[in-house]
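Heads up: the structure comes next, in structure tokens.
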Amino acid sequence: MGLLTILYLIGSVTFILGLKMLSNPATARKGNLLAAAGMVVAILGTIFLYQDEEGQKLGNYGWIFGGILIGTIVGALAAKKVKMTAMPQMVSLFNGMGGACAALISLVEFNHLSHNTTGEVNLGTLSIILLGLIIGSVSFAGSMIAWGKLNGNIKKDFAFPGQQFLNIAILLAILGLSVYLVMTFSPENAYLFYVIFGLSTLYGLLFVFPIGGADMPVVISLLNSFTGVAAACGGFLYDNKVMLTGGILVGAAGTLLTILMCNAMNRSLLNVLIGSFGGGAKSSGGTSPSGGTVKEVTLSDTAVLMTYASKVMIVPGYGLAVAQAQHACHELEKLLESKGVDVFYAIHPVAGRMPGHMNVLLAETDVPYEKLMEMEQANEEFSTADVVLILGANDVVNPAAKEDTSSPIYGMPILEVELAKNVIVNKRSMKPGYAGIENELFYRPKTSMLFGDAKKVLQDLISEIKNL
């Protein structure tokens, strides 16, 4: 066993251990650093120890380390400057870059293959190149559309009658042309490879364009699994064990996470891709469709209610991230606990814009993991809570998911906040959530609205409680 093989084994083990450690917020940071260290070992081992069949090493160290340096600087600056509200966009962007890399590998290797006139083309190799091209292109194009939607550059869901049939037709064309090219490859029909590349990119665009905003966490997770599979194809292509292991882990983890996200929404993946949320009803201002009106609550009343409560449960949402109010929220939690109030957080699996968005947000402020309740556990505890404070969450607490069979979110499990004695909702306005539909919760008897920016409201609330 050569030294390079041993380094690849070390890298593979760190990936597996790192992924395992990511399952617990207490060890997630160390797991991420461990996997990153393994990747550094694998990269350096490849650069300095890899030899081809003729015994030649890579060379071109200036280009290689120049690219690594540029990528490191750009990645470090982007990661340092990104706000928590923009984290989903960055995840989509970086994931898209991974898909683009896989597609570029396929383009380069096909160019080598098509110019090899000394022997027969290996059909297995050509198949892997095509698979990496198709999946990588779809992941790249789809991730760019997801990034545009999350970043606000793409304002509307783009769909037209018969689009799903067109998508299926394009997919069948991609598969048909791929099989034909593998079976009949020659320099004369090599152009079909680039036709497949164009169709795959188009499919990636049309695949994500019609999917609504509330489904975006599932889409990000699915595209992440695509990128992992595309990277694994590169591992097969180069017979690179660590690249293969990393790709398989990302692909498998992304697929499992996608399934879990779909289960959290009580929907099949096919239903997410074809019958997407979003673009639904508009807000009707301060009056519900049934004629109800909202009830506002003052900061002083909220402070008294929470100070003399036995248990307070906080439901964080995207509005908390927008206001960058996670630190103020943690300060409120500690203040209430100093007064003898039990405080917990209720986390919905699809709250925010990416998988685990709220967990990441609260982990930034060192909220103890024991205080984070998953949906099933939280729903059992709401009936014992005196106050539920909802900070910018909307669709994940919408009763329409249980009561309105015509609602696009009907059937999605929600946080059953109405079981608590009092429900206080902090929002900037009465605009609907990311799914674009009215929330009947705001008009219910137990619910009071506390309007304003989440960060300022929490800071003012902290001041009120301290003055009691």
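Applying the criteria of a DSSP loop state and at most 16 other Cβ atoms within 10 Å to the trypsin sites (Lys or Arg not before Pro) of segment 92-185 yields 155, 156. In the chain, the portion of solvent-accessible area held by carbon and sulfur atoms comes to 63 percent [1.4 Å probe, whole percent, DNA, RNA and ligands not counted]. Ligands, DNA and RNA are left out, and with a 1.4 angstrom probe the accessible area of segment 82-274 is 45 Å² per residue. Taking a sphere under 15 Å around the Cβ of residue 74 and counting the other residues whose Cβ falls inside, with K and R at +1 and D and E at -1, yields a net charge of +2. In the list (i) 65, 51, 44; (ii) 84, 51, 33; (iii) 60, 53, 46, the label attached to Cα extents along the principal axes in Å as derived from the coordinates here is (ii). Net charge in the neighbourhood of residue 35 (other residues with Cβ under 14 Å of its Cβ; Lys, Arg +1, Asp, Glu -1) is +3. Divide the volume of the convex hull around the Cα atoms of segment 289-432 by the residue count and you get 118 Å³ per residue. Measuring only protein heavy atoms, the 1.4 Å probe finds residue 202 accessible over about 70 Å². Summary of packing: across the peptides 385-393, 416-424, the per-residue average of other C-beta atoms within 10 Å ranks them, highest first, as 385-393, 416-424.
What the phi angles of segment 70-81 give under the Karplus curve with 6.51, -1.76 and 1.60, with θ = phi - 60°, is a coupling list of 4, x, 5, 5, 4, x, 5, 5, 4, 5, 6, 8 Hz, glycine and proline written as x.
Accessible surface area normalised per residue over segment 288-361 is 37 Å², counting heavy atoms of protein chains with a 1.4 Å rolling probe. Which pairs in the list 30/455; 431/456; 20/241; 30/427 are over 26 Å apart, alpha-carbon to alpha-carbon? Where the Cα-Cα span goes over 26 Å, the pairs concerned are 30/455; 30/427. With K and R counted +1 and D and E -1, the other residues having a Cβ less than 9 Å from that of residue 310 yield a net charge of -1.
The mean accessible area for residues of segment 413-468, using a 1.4 Å probe and ignoring ligands and nucleic acids, is 42 Å² per residue.
The values are calculated or read from the model by the stated rules, or taken from the named source; none is laboratory data. Keep in mind the model is a prediction, meaning the values are calculated, not measured. All Cβ positions, even for glycine, are placed from backbone atoms using ideal geometry, and neighbour counts span all protein chains on display. To get the accessible areas, we keep the full protein, side chains included, count just its heavy atoms, and leave off ligands, DNA and RNA. Shrake-Rupley method; radii C 1.70, N 1.55, O 1.52, S 1.80 Å.
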